Amino acid sequence: MVVDLTSDLFTDVRRPVHDTLDELREPGRGYRNFHDFVAEHENFIPSIQLSAPAELGRQVARINDLGRGCVIRLTEPIFAFSRQIAELFANVEDHSKVHFILDYRRQSSELLARAAGAIGILTDIRRILPECFLSVSASTFPESFVDLDRQEIFERQFHEEVFRHVGHQNVLYSDRASVRAESLSGGSGPPAPRIDNALRTNWQFFRVADNDDRDEAFQQAAENAVRSDDWDDLNIWGTDEIVRTAAGQGAIASAARSTAVRINIHLHRQANFDDPDAMPGTEEIWTD
């Protein structure tokens, strides 16, 4: 399990756990508090903290001593320093335990135009650390669904284009599970009832205009989903929830529940992307 630190400071509503997080974010002595915390849990793998560049050398030394490897998540403002950061790990004994992620965060279909830049960055990193693992990450899930019933999964296309050039050795596909990379502000109430179905390379959206009976609207959206030509009952929790909702059993009655269903189906599809024929019936019987 990879452990990272959020940059959110939780200044509005404070709880005791936020004091603990503040201590872990203290950069002194190579983020000693954070790395001591990681060391106490044998299944934790640390993510390098990049907010205090002067502490990077000490962090790498601690990572080397721990011997579990690490993840380096680079966001766009830090891309220009990727080579220098990679060079800090040149003396790490096992480069295959080092994992670089280029995190593009919130993106649109224009993400594909950034492939050349990503290829250059990752090629430079691999020249320094030939055995390290590499990933690219982004969220291209749409913000608006008015008049939208289908969209390609652009992050999958981005991954394939980048590593077609860099090479597929020691590569992990990164997926945000369709969750937005950053929270969105604004809005004037709950979104219109919508059921999303995840295919291998496309999203399908079944949106019903909001009315006084949201349960009925979710049921109608679910009925539209299971009647579509691309519907495939995967015998997993997500598709079962849509089937139950279409049958009037009220399984999905909120945007939060619909999001959970979408994530479940999407991750199942992507986890089995290279072996789609093995997908139906692979999830164990579940109870709620």
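For Asp215, the test of being farther than 25 Å from Ala118 by Cβ, touching a residue at least 60 places away in the same chain (Cβ under 8 Å) and outside any loop (DSSP other than H, G, I, E, B) is failed. The number of residues in region 80-108 being open to solvent by less than 60 Å² (accessible area, probe 1.4 Å) and under 19 Å from the mean Cα position of the chain (by Cα) comes to 10.
Could we say that Leu111 is open to solvent by less than 30 Å² (accessible area, probe 1.4 Å), at pLDDT 95 or above and touching a strand residue (DSSP E or B) at 6+ places or on another chain (Cβ under 7 Å) here? Working first, answer last.
Working: open to solvent by less than 30 Å² (accessible area, probe 1.4 Å): yes; at pLDDT 95 or above: no; touching a strand residue (DSSP E or B) at 6+ places or on another chain (Cβ under 7 Å): yes.
No: the conditions fail for Leu111.
Which of the residues belonging to region 218-251 are within 25 Å of Pro276 (Cβ to Cβ) and not in a helix (DSSP H, G or I)? Those that are within 25 Å of Pro276 (Cβ to Cβ) and not in a helix (DSSP H, G or I): Ser228, Asp229, Asp230, Trp231, Asp232, Asp233, Leu234, Asn235, Ile236.
Note on region 193-224: residues that are open to solvent by 20 Å² or more (accessible area, probe 1.4 Å), of a type outside the set (Val, Ile, Thr) and touching a strand residue (DSSP E or B) at 6+ places or on another chain (Cβ under 8 Å) amount to 5.
Of all residues in region 228-254, which are of a type in the set (Gly, Ala, Ser) and open to solvent by less than 40 Å² (accessible area, probe 1.4 Å)?
Residues of region 228-254 of a type in the set (Gly, Ala, Ser): 228, 238, 246-248, 250-251, 253-254.
Result: Ser228, Gly238, Ala246, Ala251.
When region 62-107 is limited to residues that are among the hydroxyl-bearing types (Ser, Thr, Tyr) and touching a Leu at 6+ places or on another chain (Cβ under 8 Å), the one that is nearest to His159 (Cα to Cα) turns out to be Tyr104. Within the bounds of region 7-22, is there any residue that is under 16 Å from Leu88 (Cβ atoms) and open to solvent by 60 Å² or more (accessible area, probe 1.4 Å)? Within region 7-22, not a single residue is under 16 Å from Leu88 (Cβ atoms) and open to solvent by 60 Å² or more (accessible area, probe 1.4 Å). Total residues in region 127-159 satisfying the condition of being basic (Lys, Arg), in contact with a helix residue (DSSP H, G or I) (Cβ under 9 Å, 6 or more places away or on another chain) and open to solvent by 50 Å² or more (accessible area, probe 1.4 Å): the figure is 1. Residues in region 59-75 that are open to solvent by 70 Å² or more (accessible area, probe 1.4 Å) and at pLDDT 95 or above: Arg73 only. Taking region 148-175 as the range and being touching a strand residue (DSSP E or B) at 6+ places or on another chain (Cβ under 9 Å) and acidic (Asp, Glu) as the test, the residues that pass are Asp149, Glu152, Glu155, Asp175.
The values are calculated or read from the model by the stated rules, or taken from the named source; none is laboratory data. Remember, it's a predicted structure, so these values are computed and weren't measured experimentally. Neighbour counts run over all protein chains shown; Cβ positions are idealised from the backbone, glycine included. What goes into the accessible areas is simple: the full protein's heavy atoms, side chains included, and nothing from ligands, DNA or RNA. Shrake-Rupley method; radii C 1.70, N 1.55, O 1.52, S 1.80 Å.
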